Amino acid sequence: TPVYYLSQRGGFRNVYRFYYASAHWVLDVETDETGFVWYRVLDDLNQRLYYVPAEHLRRIPAEELAPLSPGVPGKRIEVDLQNQRLAAYEGGRQVLDAPIATGLSAGATPTGEFFVERKRPSRHMAAASRGPGFYDLPGVPWVCFILWTGVSTHGTYWHNDYGRPRSHGCINLTPEDARWVYRWTEPVVPPEEDFLKSESGTTVVVF
């Protein structure tokens, strides 16, 4: 669906297209003089406000974001770079096995033991400068950061190419699997919050 930005001159211009399975933080609902309903969306990267036809977005109810297995001890995630799989464990019991797409170049997805240190339901991800490999992706859904450099697990709406390296370093999941990981891992983000950080999030082992 097209997304519009209100310029300083008072007119609107098209800036992005939002795709199915992307996620966005809606601040308000507005109705114009014709009766058409718009969502006012915050772009977290550049702090601009965008206007999106409300009929093209679905509000996610709180129950669809409720934590999975809250309080269960021994949660951990294992990311297998060779086989391009992500597994989630509750103690010795495996509760998720999902295909992934990790860093295309050697070392892009770092190995080691990490933890989920930040989470947000939506993130506008973009390269710092244009050039080969440039990307500009608003509404990346269900982001669980494991490093302050930006490496995270997240949903991927721009490709369906799992099972082999593909990303700039993040751990790409299907949007459905990414939301499961977002709901299952600690810390738990309340539905009314768009960001949360922690010093004791779920362990993530990348090997």
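The values are calculated or read from the model by the stated rules, or taken from the named source; none is laboratory data. In this text the structure is predicted, and so the values were computed from the model without any measurement. When we count neighbours, we look across all protein chains shown, and the Cβ atoms used for this are built from the backbone with ideal geometry, even at glycine. For the accessible areas, the whole protein counts, side chains as well, though only heavy atoms, and no ligand, DNA or RNA atoms are used. Shrake-Rupley method; radii C 1.70, N 1.55, O 1.52, S 1.80 Å.
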Separation in nanometres of the label points that stand 7 Å from Cα toward Cβ, at Arg76 and Tyr135: 2.8
Fully extended contour minus Cα-Cα distance, from Ser198 to Ala66, at 0.36 nm per residue: 45.7 nm
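Given +1 on the Cβ of Lys and Arg, -1 on the Cβ of Asp and Glu, and no further charges, what dipole in debye does the stretch 39-165 carry about its Cα centre, rounded to the nearest 20? Write down the numbers at each step before the final one.
Numbers: 14 positive and 13 negative charges, 47 e Å.
In total the dipole reaches around 220 debye.
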Alpha-carbon Rg/Rh ratio, for the stretch 160-199, with Rh computed the Kirkwood way: 1.05
Tail beyond 14 Å, pair distance distribution of the stretch 92-156 (Cα, percent): 68
Dimensionless Rg/Rh of the stretch 3-42 - Kirkwood Rh, Rg from C-alpha atoms: 0.98
Helix axis angle, 175-184 relative to the chain longest principal axis, alpha carbon, degrees: 70
Interchain or long-range residues, amide H under 5 Å from Asp44's placed H: His124
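Stick to the Cα atoms of the stretch 86-207, pair each with every other, and give me the Kirkwood hydrodynamic radius in Å at one decimal.
On the way: mean 1/r = 0.0683 Å⁻¹.
Roughly 14.6 Å, rounded to one decimal.
Per residue, how large is the accessible surface of the chain? Use a 1.4 angstrom probe and give square angstrom.
Values: 11100 Å² over 207 residues.
Here the residues of the chain average 54 Å² of exposed surface.
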Burial ranking of peptide ranges 13-23, 139-149 (average Cβ count within 10 Å, highest at the top): 139-149, 13-23
At 1.306 mPa s and 10 °C, Stokes D of the stretch 128-170 from Kirkwood alpha-carbon radius, µm² per second: 134
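Counting only DSSP beta bridges with both residues in the stretch 88-191, tell me the antiparallel percent, nearest 5. All intermediate terms of the calculation are to be shown ahead of the outcome.
Numbers: 13 of 17 bridges.
Among the beta bridges of the stretch 88-191, antiparallel pairing accounts for roughly 75 percent.
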Spread of Cα-to-Cα distances over 10 Å intervals beginning at zero, given as percent, for the stretch 40-130: 11, 29, 32, 24, 3
Size of the stretch 79-129 as Cα extents on the principal axes (Å, biggest first): 44, 27, 20
Kirkwood-type radius of the chain, with distances r between different C-alpha atoms, in Å: 18.0
Signed unit charges on C-beta, dipole axis of the stretch 93-136, positive-most listed residue Ser122, Pro110, Tyr135: Ser122
Share of carbon and sulfur in the accessible heavy-atom surface of the chain [1.4 Å probe, %]: 50
Under the Karplus curve 6.51 cos²θ - 1.76 cosθ + 1.60, θ = phi - 60°, whole-Hz ³J(HN,Hα) for the stretch 124-130, x wherever Gly or Pro sits: 7, 9, 8, 5, 5, 8, 6
